[in-house]
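Everything on this sheet refers to the single structure shown next.
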Amino acid sequence: MTTLTHAPASSRPIPNPKKSLITRLHMGTGMVVGIIFCWGTYFAMKAGRDMTDSHNVNKVLLASMMMWSFGFLVGIGALIGPFRWLIGKDLTAEEQLYLAGDGQGVKRYFKYCTDHKVVGIQYLVGVMTMLGAGGTMAMMIRTNLATPGSHFVNPNVYNSLVGLHGITMIIALIIVSTGPFGNYIMPIMIGAADMAFPRLNALSWWVLFTAIPVLCSAWFLGGIPTGWTAYAPLSDQAGPGMNAFLATIIIFALSTAVAGANITTTVIAMRAKGMKWNRVPIFVIGATISVALAVPAFPTFMVAMIQTAMDRTIATGFYDPNVGGSGWLYANLFWIMGHPEVYVILIPGVAALMEIAPVFVRKPLFSYNAAIAGFAGIAGLSILVWAHHMYMSGWMPALNGPFMVTTEFISVPTGLLFLVLIGTLWRGKPWMKLPMLSVYAFIWDFLIGGITGIYLSDVPADNYLHGSMYVTAHFHYTLMGAALTGAIGGLAYWFPKMTGRMLNERGGYISFWLVQIGFNVLFLGMFLAGAEGQPRRVADYAHLFAHANLISTIGAYSVGIGMLTLLWAIIHSARSGVVAPMNPWGAKTLEWTVPYPVPLVNFDTPPVVTSDPYGYGRSAK
Amino acid sequence: MAHDTEFHIHHDSPEKVGRRERLGVRILIVADGSFLFSMIFSWFYLRNLNVNGAWLPKGVHTFTTSSGYMAAAGLVVAAVAHRIGEKKMEARKITSMVAFLALIFGLYYQWHQMAHMPFIAQDDAGRPFYNGAYASNWVLVAGANMFHYLIGGFVALGLVIRGRRASIDPVLEEWRQRIAGSWFTWIAVSGILCAIATSFK
Amino acid sequence: MVNHEEEVLAPTPGQRVGTFSKRKDVKRTFWLWLFFTIVFCVLGRLAYPHWMPPVLSKEMQGNEDIMIWFTVISAPIAGIVLAVAMESFLNMHRGDTPPEEGVAIRTNTPVVIIWTAGSVFFCIVAIVWGLVVMNTDATKAAADSATSLTVDVTGAQWNWSFFYPAQNIHTHTLNLPVDRPVTFNVISDDVNHSFWPVQLGVKVDANRLATTVIHATPTKVGVLDVKCAELCGLYHAYMETSGQVQTSADFTSWVSSIQATGGVQQ
């Protein structure tokens, strides 16, 4: 056991393990090796294969993409640790300190750095990039739909836009809170020196990173025609771009499993002394339930993707009815992942807002136990509701009744989340700062998302609404209105701790109102189109729906401008914003007890917790 | 399975670190378990659905029931050997080698099965395809077994090499043995479950 | 905000502030609740019938009823959430320093219990409503099976085709007689589609090599739009056709006109 005494970074020598390979590896070497592996595999496999056979094309492309990912990890040094373990020469303490990136400045953001704060920033930049890409695609979709008969893009490009917007946003939203805040803030919140598995932490980010170029490559391979749900047998029939989708999901599922195991273990086993379960901040509880739900959920998606890949490469027939396969198998596997995944996205966002509300209302969180019951109830029920996406698929209509029962009951724990928030607001005088605005936006957006969910989960109403724009509007209200709003609130709240500066208020306010007003115009318009009978994912529509779609498009541009404003505010504030005090909001959680920049091991002396962090307010009696 | 975190958790005891690392591995096992569940779900779902009567089209050959258990045997032997080694420290040099060799033989056996699949047919253009949903599912299960053999083999090789090096901290090594034990036990269980599933033709 | 109000809003320790219903914040919340509830009820009652297409079947009427009445039932609950949120929003504190400490309400067990019980009750209403409608539809479909008109629907990339077995006609528009139950047997030639005769308010996926069945009873004469509600590839958006719910006499003459051209619609 190596012991390290903590000293201020300035007085400590920068570790420099000479001769060690790890000092010479970074993102650049990763990309070089990744590209070599990728093209090497491509040319080696292509030689002697009949490339007119789509199975061979798929084989070559999938293998090249997976080898890019593997090569990148080799090149950045992710495999040095396992290899050194294998040959019995474990990493030395000096090498580990080097990996933590202490004193390496900006360079460490481009290295295989195990410091959870570096990983958190990497996730933040990654998420913002993905949201930017997904948002741009959304703008193109809305531009095409502004008027009927528009030919801004052709149907093939349109379908690819729909699918790639979907999957990019889903991936971005899954990590939008647990990535940046779960990695940067959460370990400090629970008084830990780092994550339980720092190297796995770096691995989860860099594995995810390798998925980004793979997903982008879909554009150069003809796009994907299937939407993000990638239903079979349409995916069996799809062109080479589909391989990029499959590889992305397989890579992403690996990253999620690793990150999920890491965050869950950290929270269970690394809490500060005295932080009993009833003293854990609610954001930590929410993030943990979310990733713990993701751990068993995503492998089913991965299996569905592997089966699709096998159908497409070696001619198995999982989804080919001629040889005994069935699209219903795909739909089941996909939605067994798909519905928990919705709550994987939702819960951390809500939990972040529950962390924010007490601070700005200066009142304790109302009924901490109800909040936990709400999260746990949602997580528990979410694995029993998947077939409500399949009411109209013809798969076992007899089960529609039972699935309707479980689905409707999700509104009970969801109701508890509302109760906790409005109970916290009740009789309070909220301090109307940027993070607090998101709480109100969430309440409005998620209320609409929740109530429309009640119609959709009712089988007879779903007879009409399934597959229509109404569904699209509903899940945007829940995922964007709740999860993304929560994450933006979280960013405004934790920005001072992550960058040392306050988020520009004026920019934040302008962005907030542009986004929220635009968002409601956009998706109320889409509810209208759906109720009128417009199917979702259509590149063109009848004149009947013209007004509703034009309204939506106007709203979308407002969201776009608002998001750009937020981006400007973030960049501007991070570079030259007002320097933040240690605890600008007067909050009581542990992350506000450490200075910026946060020391390598977070706390000079391990903190001891004696109460929960919600001791605000005067006594009521 | 190696997570060297000593320097980060400078105020934690080795035993606490050991517990934490076992927890992490067990959570990863949950993820792998969900993967296994999905495969077995696919197996029985398509078998019961029997679309187009093509779970097993006429004239398609299957593997024998025992071949599934044979494919799992290497995993089971490795798990038992490792468990003995965990209990008896002096036998560890032998048991780790037994576990490693069992996994290598098992890997070879599984590969051999996959190289001689009896259900590949050819379409009109002379291209091979998997005839029937049984065939599709079987190859996926076999692939998952291969994956377990590979990861298990990596861990076992590590333990063989490390068991012969004197310079390794025995305390740290002790809980690494137990982490590896969780993994070996799991892949053996998974192998048996796969064998049971594949016996339903 | 004036001083005496603040006193009412934030009682000091040990001080009783009169009955709950006399408190200013409670009163204001009540009026806000009433406002939001009425707005939601009116919106639900007026907006859906206005937005949704003409109701041409019993099933579509059932869907529209659910949309309207679920909105009305959920309006009071949504009203509470919005009223409390709005009340606190109106009390906002601005500036660069945190506001004074609020009242330390950790929880309120009766409120949590009532809220949970209320939402369970609401759930049960929604579930029972749905199950009753499903059951009524299913029973009716079984009872009607002898007299119903059968239409075999085939989805293929990217068009719909219909076969009326009793009449032995192949068509590409969907014409149906009014007031006669219809059974649709739906299948796909290739990938998944979803058969959606919009004004009938029913929908089912078309799968390859697996027939799915739905029933509907047209109750009114009018124009039908048939769409595909499952992304099915390049021209998914254009996979649509039209049809009509007609009087019996019109339907019979439509059938005869097609039979006259060899049983295939031109």
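The values are calculated or read from the model by the stated rules, or taken from the named source; none is laboratory data. Just so it is clear, the model here is predicted, and its values are computed rather than measured. A quick note on method: Cβ atoms are made from the backbone with ideal geometry, for glycine too, and the neighbour counts reach across all protein chains shown.
List of remarks:
- Summed over region A:430-468, the residues that are of a type in the set (Asp, Glu), more than 7 Å from chain C (Cβ to nearest Cβ) and closer than 30 Å to C:Gln199 by Cβ give a count of 1.
- Screening A:Ala211, A:Ala202, A:Ala218, A:Ala247 for residues that are of a type outside the set (Phe, Trp, Tyr), free of Cβ contacts under 8 Å to residues at least 60 places away in the same chain and not in a loop (DSSP other than H, G, I, E, B) leaves exactly one candidate, A:Ala218.
Yes/no matrix, rows are residues, columns are (1) surrounded by fewer than 20 Cβ atoms within 10 Å (Cβ to Cβ); (2) more than 16 Å from A:Leu86 (Cα to Cα):
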{"residue": "B:Asp124", "(1), (2)": "yes, yes"}
{"residue": "B:Arg127", "(1), (2)": "yes, yes"}
{"residue": "B:His148", "(1), (2)": "no, yes"}
{"residue": "B:Phe154", "(1), (2)": "yes, no"}
{"residue": "B:Glu173", "(1), (2)": "yes, no"}
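- Within region C:187-237, being more than 9 Å from chain A (Cβ to nearest Cβ) and in a loop (DSSP other than H, G, I, E, B) holds for C:Asp189, C:Thr217, C:Thr219, C:Lys220, C:Val221.
This table checks each residue for (1) touching a strand residue (DSSP E or B) at 6+ places or on another chain (Cβ under 8 Å); (2) surrounded by fewer than 24 Cβ atoms within 10 Å (Cβ to Cβ); (3) of a type in the set (A, V, I, L, M).
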position	(1), (2), (3)
C:Asn192	yes, no, no
C:Pro197	yes, no, no
C:Gly201	yes, no, no
C:Arg208	yes, yes, no
C:Val213	yes, yes, yes
C:Val221	yes, yes, yes
C:Leu224	yes, yes, yes
C:Ala229	yes, no, yes
C:Gly233	no, yes, no
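- Being closer than 26 Å to C:Met86 by Cα and at the interface with chain C (Cβ under 9 Å from one of its Cβ atoms) is a property that holds for A:Asn369.
- Lone qualifier among A:Thr266, A:Thr300 - being closer than 24 Å to A:Tyr493 by Cβ, within 13 Å of chain B (Cβ to nearest Cβ), in a helix (DSSP H, G or I) and polar (S, T, N, Q): A:Thr266
- Taken together, the residues in region A:380-432 that are assigned to a loop (DSSP other than H, G, I, E, B) and either of a type outside the set (Ser, Thr, Tyr) or without any contact (Cβ under 8 Å) to a residue 40 or more places away in the chain (or both) amount to 14.
- Residue list for region B:84-122, filter: in contact (Cβ under 8 Å) with a residue 60 or more places away in the chain and closer than 22 Å to B:Val160 by Cα: B:Gly85, B:Glu86, B:Arg92, B:Lys93, B:Ser96, B:Met97, B:Ala99, B:Phe100
- Summed over region C:97-143, the residues that are loosely packed, with under 13 Cβ neighbours inside 10 Å and of a type in the set (A, V, I, L, M) give a count of 7.
- Filter result for the condition that a residue is over 16 Å from A:Met31 (Cβ atoms), in a helix (DSSP H, G or I) and in the same structural domain as A:Ala487 (by TED's automatic domain parsing), over A:Gly81, A:Gly132, A:Gly126: A:Gly132
Yes or no, residue by residue, for (1) more than 30 Å from A:Leu417 (Cβ to Cβ); (2) aliphatic (A, V, I, L, M); (3) more than 9 Å from every other protein chain (Cβ to nearest Cβ); (4) part of a helix (DSSP H, G or I):
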site	(1), (2), (3), (4)
C:Arg106	no, no, no, no
C:Val111	no, yes, no, yes
C:Lys140	yes, no, yes, yes
C:Ala143	yes, yes, yes, yes
C:Phe162	yes, no, yes, no
C:Gln167	yes, no, yes, no
C:Asn175	yes, no, yes, no
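- Among the residues listed as A:Pro213, A:Pro233, A:Pro187, the single one being within 30 Å of A:Ala587 (Cα to Cα), not assigned by TED's automatic domain parsing to the domain that holds A:Cys38 and not aliphatic (A, V, I, L, M): A:Pro187
- Qualifying residue in region A:596-605 (condition: among the β-branched types (Val, Ile, Thr), over 29 Å from the mean Cα position of the chain (by Cα) and either surrounded by 14 or more Cβ atoms within 10 Å (Cβ to Cβ) or more than 19 Å from A:Phe181 (Cβ to Cβ) (or both)): yes
- Residue list for region A:265-287, filter: over 13 Å from A:Pro348 (Cα atoms) and surrounded by fewer than 24 Cβ atoms within 10 Å (Cβ to Cβ): A:Ile268, A:Ala269, A:Met270, A:Arg271, A:Ala272, A:Lys273, A:Gly274, A:Lys276, A:Trp277, A:Asn278, A:Arg279, A:Val280
- B:Gly68 in contact (Cβ under 8 Å) with a residue 60 or more places away in the chain, within 14 Å of chain A (Cβ to nearest Cβ) and within 24 Å of the chain's Cα centre (by Cα): no
- Residue-level check: of (1) surrounded by fewer than 23 Cβ atoms within 10 Å (Cβ to Cβ); (2) aliphatic (A, V, I, L, M); (3) touching a residue at least 12 places away in the same chain (Cβ under 8 Å); (4) more than 14 Å from every other protein chain (Cβ to nearest Cβ), A:Ile571 misses just (3).
- Where B:Met39 falls short, out of the listed (1) more than 7 Å from chain A (Cβ to nearest Cβ); (2) at pLDDT 95 or above: (1)
- Pairing each residue of region B:143-157 that is within 11 Å of chain A (Cβ to nearest Cβ) and farther than 17 Å from B:Val77 by Cβ with any residue that is part of a helix (DSSP H, G or I) and hydroxyl-bearing (Ser, Thr, Tyr), provided the two are 6+ apart or on different chains, yields C-beta distances under 9 Å for B:Ala144/B:Ser190.
- From A:Ile14, A:Ile22, residue being within 14 Å of another protein chain (Cβ to nearest Cβ) and at pLDDT below 90: A:Ile22
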